[in-house]
Each structure stands twice: as structure tokens, then as C-alpha cells.
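Report on the following structure.
The values are calculated or read from the model by the stated rules, or taken from the named source; none is laboratory data. Predicted model only: the values in this text are computed from it and were never measured. Because the Cβ atoms are built from the backbone with ideal geometry, glycine has one as well, and the counts that use them run over all protein chains shown. Note: accessible area is taken over every heavy atom of the protein model, side chains too, but ligands, DNA and RNA are not part of it. Shrake-Rupley method; radii C 1.70, N 1.55, O 1.52, S 1.80 Å.
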Amino acid sequence: MEAKALIPEGDLCCSVCCNIFKEPVVLKCSHSFCRVCLQQVWEKKSSRVCPMCRRKASMKDPPLNLALKNIVESYLKQKTERETTDKTEARCILHGEKLVLFCEHDKEPLCFICQTSRKHRNHPVCPVEEATLELKEELKPALNLVKEKLKKLTEVEQECKKTAEHIRSQAQHTERQIEMEFEKLHQFLHEEEEARLAALKEEEEQNSWIMEEKLKHISGDISTLTDKITALETAMETEDTSFLKDPELLSGALIDVAKHLGNLTFRVWEKMLGMVQYTAVMMDPNTAHATLSLSDDLTTVRHTGTAQNCPDNPERFNPSVCMLGSEGFTSGKLSWEVKVGNKREWDVGVVKESINRKGELTYSPEDGFWVIALRNGDEYSAAGVDDLTLVRKPQSIRVQLDYNRGEVAFFNSSDMSLIYTFKHTFTERVFPFFSPCSRDGGRNDEPLKICPVKVSVTVTSSQ
């Protein structure tokens, strides 16, 4: 049913209100119209008459037709509900009927007409609601799997964001350290330049003063030259030969240029060795447990007991409190020295690259650990297998790796006495291994430190 405004042909009318009354008003003659349309007609005709019977409308603002308004509102409400229902309820594309059945054979929804068709006539069917519930139950495991995957992806996303922030922090810190190290070199070179220029200036002033003194003496000699000529003429008549000597310049009066410029860059570089340290291996902060703190030069590590804000990347040990060197080896010989001091607990040695870094560690050569350890201040062991008896408590341990021969040897650095030797055929990359262990109630706070190697220069002349 549609409520229409009865406006004669040719009269102006609102395109929206001409089909459905939005605000129906009633005239004295009992005819009803849309208020908007009626006002348009009156403005066009310049007179207020009923568009149907042409009777004059006595009122300027006709009252609402409440009965018609209620009918229109009820109609609009029903139409809206019907349109909403039509949108949410699926219908058969062939027959336009609601899909109320489900064909279990063809796995598709049907209307009542489809059920009687030749295609589905003898197929088992059930109400579409039952099929929906069954399919929902079947989809639950898959849905849970997808949700779990989404959860893991979200966790990985958060970890990636955390890692990205850590990368930025690492880069900024490393940049500052590089700038500081080069600033030290710049300062050294600047001071060395000032010192050498000062030495040159000092030699110049000293030699210049000597020459000035020499010039004073020469000037004095010249001033008395006339007198000496007379004396010389007299001396010519004798056998004195001193007049034959000429005045001479002083030896070594010139600047020793060779002293200042000879091998200048080499001698500055040689002097720089006093401020340069070299370590055979470096520690890798990306493998360190979150409670470990490294020095800026990556040669010292201590256990802080407090986890730092760093990503749990695959290379990092967790929960074991340990770390690796920054470089792995697949050939050759290498040795490094680790200062252990008076620590009550520590682990030092070599491990293979493929060890599990995300679980509890089991020290054994079969698991890829060639490590010696100290526990409780005096209990030494080799890879958790052999107990060791040491005559003297070492302050530093020298680790010696011979990859090709398959040996890892440990020495007391103070007297180079052998502590233990592992023999194994290596088949993959191996890394230096360090663990300062837990703090043991505050009694194990000392760090582990890789000792620097003394750098020297030997010059050999070519024959």
C-alpha cells in the first residue's frame, strides 16, 4: 500500500514526498496532502485553494492528519523491516525462495522447490540451521588453529618491533663508541703534532740564539779589523802563522730536518701502539643472556642479576647465563686468555655453533661443549665429566684451539701449566664460550675479561 499526495498533473511537487507522506495535513474540505507539496502548489498559484476540489482553504497552516501520519509511519516501519530481512536472509538464485534446507550429498543450501528438482530429488537433506551448526562445529578446530596462529603472529610482531627498537639503540650506542674511539685518536694525533712542532720551534730558537751569539762575536771582530791590519802587517815580518786562519761557522748550527721528518708517520704510529690494545676474540652481545652486561669494548662481561630490555632473538641464550664470542672458526689455530680472578664460579671454553640456546645446557663433548668450569670456589671440572685437581688457583685461563688437529687445551696463564685437553674431530663451526655464572649471593660479582695481547713492532732491513 502506498500513500500518495493527490496533486493534479502539472502542479509542482517534492519528488520525495509525492510517493510517501512525510507530514500529511488535512484541509477543511477533508482532503489530505503532503505539507511540502501543498506549500509548493500554493506558492505557484499565489492562492490557497484545495488542489482537488478548488475550495478555498481558510487556514494558512493546516493541521496534521494524525490518522494518516500513523498509517504512513507504520507502513514505513514494516517496509524497513522487510527490506532488512530480505538483505540478511539468503534466497535461491533460481526460484527466489528462502534457503531453508541443506543437501548433504552436494553440500549446498536448497529451497523447497530445489528439493523436488531432479538434481536433488533422492538426496538426503536436513534443515539449514542444523547443517550450519554442524559446519560451525567442524570449523571450530580450524578457527582455533587460525586464532592460535594469529596469536603467535601478534607475538612475533611485538618481538619484531622490540627487536627493531633494540637495533636502533644498538646502532646509536655503537655510533657513539666509534666517535669516542676516533676522538681519542684525533686527540692523540693533535697532541703529537703539537709536541713535534714545539720540538722544532725549540730547536729553531736554540740554534738561532747560537747564531746570534756568533754574529755578535763576528761584529766585534770586524770592528777591530782595522787595528788588526796594522798588527797583521807587523806580524808579517815575523814567523807567526795565526793570520792564515779564516773564521768558521759553528758545526751543527742548522735545523736537523731529518730528525723531525725522517720516518715521521712510522714513528707516530709506533708511539700509538702504547694506547692501542688488541684481543684475539671479542664477545658477541647479541648472544648474551639478558642479565649479562658487557663493557663498551666487548672484552668484559659480568652478571647483573637484572634483565635488560633486549629482544629474545634466536642467537641469544635463555635461560642459561652465558654467551659466545663474536667470531666462529672452521680451521686454523687460535688462542685467547680469560681473566677469571677470584671468582667462585665460571665457565670458559669452546662450543659448536648448533647447540640449543633456548634450554638448559648439558656440558659434554657429545653435546658440543669443550668447556672447563669452576663451582663453589674450588671444584673444577672438564665438560661436567672429569673432576680436575689444580695445584694452584689460576687467575687467568689460556684457551688454545687447534681446529685441524681437533684439540682444545686449557692452561694456567701464570706458568702455562696444562690444565686439561679435549680431543675431538670438529665437523662444524665452533665459537669461544663464556659464562660468569650467577652472582652466588653477591660473592661472584667479579667479571670475566678477555686479556689484551701485547702489540709490538719488529723492523727488518732488506739485504
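Below, the figures for the structure above:
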read-out: For log10 I(q)/I(0) by the Debye sum over Cα atoms at q = 0.06 Å⁻¹, calculated from these coordinates, the label among [x] -0.51; [y] -0.30; [z] -0.68; value: [z]
read-out: Cross-link reach list, lysines versus K56, counting only Cα pairs under 28 Å and skipping chain neighbours closer than eight places; value: K4, K22, K28, K44, K45, K69
read-out: Cross-link pairs K271/K393; K333/K423; K201/K454 - those with Cα-Cα distance over 26 Å; value: K271/K393; K201/K454
read-out: Cα centre as origin, Lys/Arg/Asp/Glu Cβ charges: the chain dipole, Debye; value: 5500 debye
read-out: 1.4 Å probe accessible area per residue over the chain, in Å²; value: 67 Å²
read-out: Proximal lysines relative to K147, as straight alpha-carbon distance under 27 Å, when same-chain residues fewer than 8 apart are discounted; value: K107, K136, K161, K162, K358
read-out: Among I355, F410, P365 the positive-end extreme of the charge dipole of segment 342-463 (Cβ point charges); value: F410
read-out: CD proxy at 222 nm, helix term only [per DSSP H run n ≥ 4: -39500 (n - 2.57); per residue of the chain; nearest 500]; value: -12000 deg cm²/dmol
read-out: Spin-label pair T330/E138, simplified geometry with 7 Å Cα→Cβ offset, distance in nm; value: 5.1 nm
read-out: In nm, spacing of pseudo-spin labels at S364 and D445 (7 Å Cα→C-beta vector); value: 3.8 nm
read-out: Size of charge dipole - segment 113-170 - debye, nearest 20, with Cβ of Lys, Arg +1 and Asp, Glu -1, no other charges; value: 240 debye
read-out: Modelled FRET efficiency - R0 60 Å, E270 with D221, Cβ distances, 0.05 increments; value: 0.80
read-out: FRET efficiency estimate (nearest 0.05) - Cβ-Cβ, H166 to K393, R0 30 angstrom; value: 0.20
read-out: Simple spin-label estimate for S438 and M282 in nanometres, 7 Å along Cα-Cβ; value: 3.2 nm
read-out: Three-way shape call for segment 59-155 based on the alpha-carbon gyration tensor, with the a/c threshold at 1.5; value: oblate
